[in-house]
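J.: Below is a structure I'd like to ask you about.
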Amino acid sequence: MPDQRDPAPYDALLLLSFGGPEGPDDVVPFLENVTRGRGIPKERLKEVGQHYFLFGGVSPINEQNRALLDALRKDFAEQGMGGPGGLPVYWGNRNWAPYLTDTLREMAADGRRRIAVLATSAYASYSGCRQYRENLADALAALEAEGIEPPRVDKLRHYFNHPGFVRPMVDGVLKSLADLPPVVRAGAHLAFTTHSIPTAAADTSGPADEHGDGGAYVAQHLDVARLIAETVREETGVEHPWQLVYQSRSGAPHIPWLEPDICDHLEALHGAGAPAVVMVPIGFVSDHMEVLYDLDTEATAKAAELGLPVARSATVGADPRFAAAVRELLLERVATERGRAVERCALGVLGPSHDLCPVGCCPARSPKPAAAGADSPYA
């Protein structure tokens with residue numbers, strides 16, 4: 001690894017996230033941002049927004065990002081990376097304040113010229129990677145239109161199989177198993193959950209022709225699920241049956257999406273006599289609305305209806321080990337940009353992801369410019 005006190009060529013880190021409403025009046029405008037260009041009526045958005053209204057119109061994602069910002073700044077400062085105060089860390093969202101374009105404008109005004117970007121999405125897919133890169137390109141173009149020289153942005157690689165991401169989830173599963181009644185603990189199934197996406201988007205995720213059906217999106221999630229299940233078996237001596245399942249489907253009924261849904265899976269497990277289930281949201285960095293509602297509310301209610309004991313394990317959130325992993329990912333990229341060989345941390349069988357998304361990776365239905373990739377218009 002290069003000197004931990006010197007993150008050059010980078011002079012800042014940008015935490016790039018989805019965003020979420022912070023009050024009832026924000027819900028519909030936020031959903032309008034998320035669905036822009038799809039022609040969805042406002043009345044329909046109000047119906048969709050009921051998940052948020054159940055929690056006072058507040059998504060937990062922004063507060064969780066603030067906690068992650070604090071953890072990153074603390075880690076950088078304690079490790080002396082970027083000087084005594086640590087490498088500057090900024091935050092920008094795709095769909096709500098602080099908006100990405102505003103944050104990049106601020107960074108440019110602060111003199112930041114080379115920015116590493118951490119997206120709060122660990123896996124390859126259009127919505128989890130390329131769409132973030134498209135948003136970066138749009139924001140950089142907006143700065144150019146204002147006469148501001150845009151900084152260079154480099155997105156850090158996918159971190160789904162980094163030990164600092166995987167180990168906190170292992171510990172979450174162990175805690176959830178311990179919280180189950182002893183009579184059902186040993187026979188508990190593990191339901192690893194992630195966001196469902198259209199099968200067509202899954203099949204084309206990652207570099208073309210590398211992973212087969214389900215693309216990199218499914219392959220990466222399966223690798224993480226297998227890692228967690230095997231580690232739990234090694235540390236408890238109990239082999240828990242497991243399956244990758246999906247949640248939070250939002251598309252038209254006639255379009256095929258990844259299945260099975262978590263609630264359907266709970267019904268199937270109950271019918272097969274499973275004594276208990278631990279729901280493990282490996283597809284999500286933090287306990288945001290899709291975890292809070294789709295698992296803690298909807299799926300938990302389904303389990304109660306079935307009389308099936310369930311527990312839900314924690315996401316990584318602002319775990320200090322994840323903050324340290326981000327530092328390691330940044331230092332990997334520093335070494336690469338300096339032309340040095342570096343050992344990349346990765347568990348499982350897939351190995352570390354690429355630094356630079358290749359042309360055709362996770363394609364959009366309508367091609368758009370995307371920054372921080374081999375096809376980026378911004379060198």
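The values are calculated or read from the model by the stated rules, or taken from the named source; none is laboratory data. None of the values given here were measured: they were computed from a predicted structure. Cβ atoms come from the backbone with ideal geometry, glycine included; neighbour counts cover every protein chain shown. Remember, those area values only see protein heavy atoms, side chains included, never the ligands or the DNA or RNA. Shrake-Rupley method; radii C 1.70, N 1.55, O 1.52, S 1.80 Å.
J.: Estimate the FRET efficiency between T297 and D110 by the formula 1/(1 + (r/R0)^6), using the beta-carbon distance for r and 41 Å for R0, to the nearest 0.05.
T.: 0.50
J.: Which label belongs to the value computed from this structure, given these candidates for Rg and Dmax of the Cα atoms in Å: (i) 19.7, 62; (ii) 21.2, 76; (iii) 20.7, 67?
T.: Looking at Rg and Dmax of the Cα atoms in Å for this model, the match is (iii).
J.: Rolling a 1.4 angstrom probe over the protein chains, ignoring ligands and nucleic acids, what is the accessible area of R340 in square angstrom, nearest 10?
T.: Probe radius 1.4 Å; accessible area of R340 about 120 Å².
J.: Further, regarding this structure: So how far, in whole Å, is the C-alpha centre of segment 169-214 from the one of segment 290-349?
T.: The two parts, judged by their Cα centres, are 11 Å apart.
J.: While we're looking at this one, here's another question. Under a plain spin-label model, where a point goes 7 Å from the Cα along Cα-to-Cβ, how far apart in nm are S366 and D264?
T.: Result: 3.0 nm between the two label points.
J.: Exactly which trypsin sites (Lys or Arg not before Pro) in segment 123-223 are in a DSSP loop and have at most 12 other Cβ atoms within 10 Å? It would help to have the intermediate numbers written out before the result.
T.: Numbers: sites: R130, R133, R152, K155, R157, K175, R185; in loops: R157.
Filter output for segment 123-223: empty list.
J.: Any idea what the relative contact order of the chain is, in percent, if you count C-alpha pairs under 8 Å spaced at least 6 apart?
T.: 23 percent
J.: With a Förster radius of 22 Å, plug the Cβ-Cβ distance of E149 and R340 into 1/(1 + (r/R0)^6) and report the FRET value to the nearest 0.05.
T.: Result of the calculation: an efficiency of 0.20.
J.: Related question: Are there any GluC sites (Glu not before Pro) in segment 117-210 that are in a DSSP loop and have at most 15 other Cβ atoms within 10 Å? List them by number.
T.: Qualifying residues, ordered by number: E146, E210.
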